[in-house]
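Following: one structure in structure tokens, then a few remarks.
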């Protein structure tokens, strides 16, 4: 849900930027997934362990889609973000791609980075106040 909302926001606000980006390289390891975009930005995410049914399945059930291992490099980022396969490794690549894209926005100086801060301390929560 949050992942899709973030993707929708990027497509709405930054469509011109992400339309030209492609996947330059991907590395999926046991613990981390790394993606490098065509603009040189790099994003990292945790590698979620695939469900047993994603690993041990009949050949007819295997994923031979546009984002199977030998077809990923060169694909447009928008294709990845709009890909609706529920494969856990695809989700990891999407998160890594979002992190790579967001790194450019952070570098631009439009956002303030708060260090050594607990996010809960930044919330305006008082007794009797309800969150939506």
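The values are calculated or read from the model by the stated rules, or taken from the named source; none is laboratory data. Fair warning: this is a prediction, and the values are worked out from it, not measured in the lab. Using ideal geometry, Cβ is built from the backbone for each residue, glycine included, and neighbour counts are taken over all protein chains shown.
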Legend entry - Given (1) surrounded by 10 or more Cβ atoms within 10 Å (Cβ to Cβ); (2) modelled with pLDDT under 80; (3) out of contact with any helix residue (DSSP H, G or I) (no Cβ under 7 Å at 6 or more places or on another chain), number of the condition residue 67 does not satisfy: (3)
Legend entry - Residue, farthest from the chain's Cα centre (by Cα), within region 69-105, restricted to residues that are within 16 Å of residue 47 (Cα to Cα) and free of Cβ contacts under 8 Å to residues at least 24 places away in the same chain: 69
Legend entry - residue 90 vs. criteria modelled with pLDDT of 90 or more, surrounded by 11 or more Cβ atoms within 10 Å (Cβ to Cβ) and under 19 Å from residue 4 (Cα atoms): no
Inset, instruction - Answer yes or no: is there a residue in region 43-58 that is touching a helix residue (DSSP H, G or I) at 6+ places or on another chain (Cβ under 6 Å) and either modelled with pLDDT under 80 or closer than 17 Å to residue 14 by Cβ (or both). - result: yes
Inset, instruction - Considering only region 25-38, state which residues are under 10 Å from residue 72 (Cα atoms) and buried (at least 16 other Cβ atoms within 10 Å of the Cβ). - result: 26
